[in-house]
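The values are calculated or read from the model by the stated rules, or taken from the named source; none is laboratory data. Here the structure is a predicted model, which means the values were calculated and not measured. When we count neighbours, we look across all protein chains shown, and the Cβ atoms used for this are built from the backbone with ideal geometry, even at glycine.
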Amino acid sequence: MQDIVSVEWLVLVALCAATAAIAVWWLSPGAYAKRMEHDLLVGDGRTDAVFLFDDNALIGWSSGASKFIGENADGFSWSNLRDQLSRSYPGLPQSPAFLKDVGPLVLSGTAGADSREAHCEWIDGITRVQLRRSTLEEQNKSLDQELTTLRAAVHQAPYPVWLQSEEGDVTWTNLAYDDLSHKIRGRDADFAQPMFDELDEPKASGRPERISIALEENDKKLWYNVSTTETEAGWLCHAVDVNAVVDAEIAQRNFVQTLAKTFAQLSIGLAIFDRNQQLVLFNPVLIDLTALPANFLSSRPNLMTFFDRLRDQRMMPEPKSYSSWRHQMADLLEAAAEGRYQETWSMPSGSVYSVSGRPHPDGAIAFLFEDITAEITLTRQFRTELEVGQSIMDQMDEAIAVFSKDGTMSFSNEAYHALWNVDPEASFAKVSINDACRNWQECSAATSAWGAVRDFVLGTESRDPWWCSVAMRSGETLTCRISALPNGTTLVRFHASEPASLPATQQRFLSSHP
């Protein structure tokens, strides 16, 4: 009996010693770390990729993560992982320490990601990243959702979409195609017969081609940009309504034609350059004025080439040197862009052009060339006639002064200047009838004649002609004659001749001597 008790005690002691040894091994740091690492590497599936990081250093990974790590596991860090996964899983932290502060993160993968989502968490100093793959049920559910979305997107698309076989039969359509077919062909039309039967061009080019559908009830056409994509089920076709674009193009074309007809009737040469300084529009008058060939203008020369050709044709003022001409052209362009360019070109041929530059929207510049030779010639002739008339008046002995309707002196001759010792041209201010009367009064004896002259000029009394004799302070007697001219102007003449030949009935104010 005592032996049995001794054996039991020995067994008990052995079991306690073994248990203590196992407990010491289990609680040792190395074993705990290995066991923890093993648990953390276990994913939800055998193919899940799991990464373990101690700070930024990789300390463990599953077999599914090997394709991300490659052969250089020792140099693989958190930054390497983030570089590979940041596009597929937006929001992956810059540093593992971020997870310690904010807690676990679940990041949804993009469409191009291998796994559905990424789980990131911080566990007792270890950062764990698991890329979870979808289960078969989840994949099927996701595919069903995607299929439902795609069907809704295609069926509810605002433009016609259809599938066409190699034989040319329509095998599937969306709602927009059906609505268009009912509108054009009615509800009894053959479904397999395509509305768009000229698909050779888009099939061959691979680009959208403009195709029209004729409406039977009128001569109108509906225009669409049709594109095709070859698939296993046939040709997938898309038609985009471009009727608004076609209408706008027609309106623009008609507008341009109207402008062209209008420009053709102008007597002013027009040249419009776009923002790239290319000639985009000109009228026939420009050809006549500049003598530039039509084929040259039609080739859309740039602005500098255009003015170079004008210089070669001697259709602009001859520059002193080519370099100075270049600077002149730069100044011209700057002034035209600001709307400040306005010059008169005198040609070697004798012609005179008025050239102006005007800015237009979007950086375009318009130049207008107007032949003002006749106008300049007429102006010069008129100026010459005025100068000749002035010379004739200056040669007369009679002193003459002409006053306008408002009382301003508009003309006087040299005899008048010498008689009254004045020179109206020497002053910037205009000489009024009051100024003239004051001057006359200073040089003559007192008389009320000057007041009557003033009233005559200003139209406050009768405009019948009259004359009077005026005694000068020098002792000389002058005859003053006042007569009306057209448009309310007045002619005042002074001469020293005897008044015997003048009508006595028109005399006023008997002369008085100083």
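For segment 247-279, filtered to residues that are farther than 30 Å from LEU222 by Cβ and surrounded by fewer than 13 Cβ atoms within 10 Å (Cβ to Cβ), the residue that is nearest to the chain's Cα centre (by Cα) is ARG275. Examine segment 403-415 for a residue that is within 30 Å of SER474 (Cα to Cα) and part of a helix (DSSP H, G or I), and state whether such a residue exists. Yes, segment 403-415 has at least one match.
Restricting segment 109-124 to residues that are more than 16 Å from VAL50 (Cα to Cα) and either in contact with a strand residue (DSSP E or B) (Cβ under 8 Å, 6 or more places away or on another chain) or not small (Gly, Ala, Ser) (or both) leaves a set whose member that is surrounded by the most Cβ atoms within 10 Å (Cβ to Cβ) is THR110.
For THR290, the stated conditions do not hold, so it cannot be described as closer than 22 Å to ASP362 by Cβ, among the β-branched types (Val, Ile, Thr) and either surrounded by 11 or more Cβ atoms within 10 Å (Cβ to Cβ) or not assigned by TED's automatic domain parsing to the domain that holds GLU343 (or both).
Please go through segment 423-463 and give me each residue that is farther than 13 Å from PHE403 by Cβ and either in contact with a Pro (Cβ under 9 Å, 6 or more places away or on another chain) or touching a residue at least 40 places away in the same chain (Cβ under 8 Å) (or both), ordered by number. Across segment 423-463, the qualifying residues are SER444, ALA445, ALA446, THR447, SER448, ALA449, ALA452. Do we have SER77 as of a type in the set (Ser, Thr, Tyr), closer than 15 Å to THR127 by Cβ and either surrounded by 11 or more Cβ atoms within 10 Å (Cβ to Cβ) or modelled with pLDDT under 85 (or both) here? Criteria met by SER77. Residues that are touching a strand residue (DSSP E or B) at 6+ places or on another chain (Cβ under 6 Å), of a type outside the set (Ser, Thr, Tyr) and in contact (Cβ under 8 Å) with a residue 60 or more places away in the chain within segment 327-363 comprise just one, HIS360. Checking the condition more than 19 Å from ASP48 (Cβ to Cβ), in the same structural domain as PHE53 (by TED's automatic domain parsing) and part of a loop (DSSP other than H, G, I, E, B), which residue from ASP74, ASP101 passes? Being more than 19 Å from ASP48 (Cβ to Cβ), in the same structural domain as PHE53 (by TED's automatic domain parsing) and part of a loop (DSSP other than H, G, I, E, B) holds for just one of ASP74, ASP101, which is ASP74. Could you tell me which of the residues GLU461, GLU476 is under 19 Å from LEU419 (Cβ atoms), more than 60 Å from the chain's Cα centre (by Cα) and either modelled with pLDDT of 90 or more or surrounded by fewer than 16 Cβ atoms within 10 Å (Cβ to Cβ) (or both)? Exactly one residue qualifies, and that residue is GLU476. Check segment 429-442 and report whether any residue there is crowded, with 17+ Cβ neighbours inside 10 Å, at pLDDT below 90 and more than 60 Å from the chain's Cα centre (by Cα). No, that holds for no residue. The criterion of at least 2 residues that are over 35 Å from the mean Cα position of the chain (by Cα) is met by the following helices (runs of 4 or more DSSP H) wholly inside segment 289-398: 373-395.
Among residues of segment 245-275 being assigned to a helix (DSSP H, G or I) and of a type in the set (Gly, Ala, Ser), the one that is nearest to GLU370 (Cα to Cα) is ALA264.
Table: residues versus (1) of a type outside the set (D, E, K, R); (2) touching a Lys or Arg at 6+ places or on another chain (Cβ under 7 Å); (3) at pLDDT below 80; (4) not in a strand (DSSP E or B).
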| position | (1), (2), (3), (4) |
| --- | --- |
| GLY112 | yes, no, yes, yes |
| GLU121 | no, yes, no, no |
| THR127 | yes, no, no, no |
| GLN139 | yes, no, yes, yes |
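Among the residues of segment 307-330, some residue qualifies, meaning at least one is surrounded by fewer than 12 Cβ atoms within 10 Å (Cβ to Cβ) and hydrophobic (A, V, I, L, M, F, W, C). Only a single criterion out of (1) small (Gly, Ala, Ser); (2) on the phi < 0 side of the Ramachandran plot; (3) modelled with pLDDT of 90 or more is not satisfied by GLY407, namely (2).
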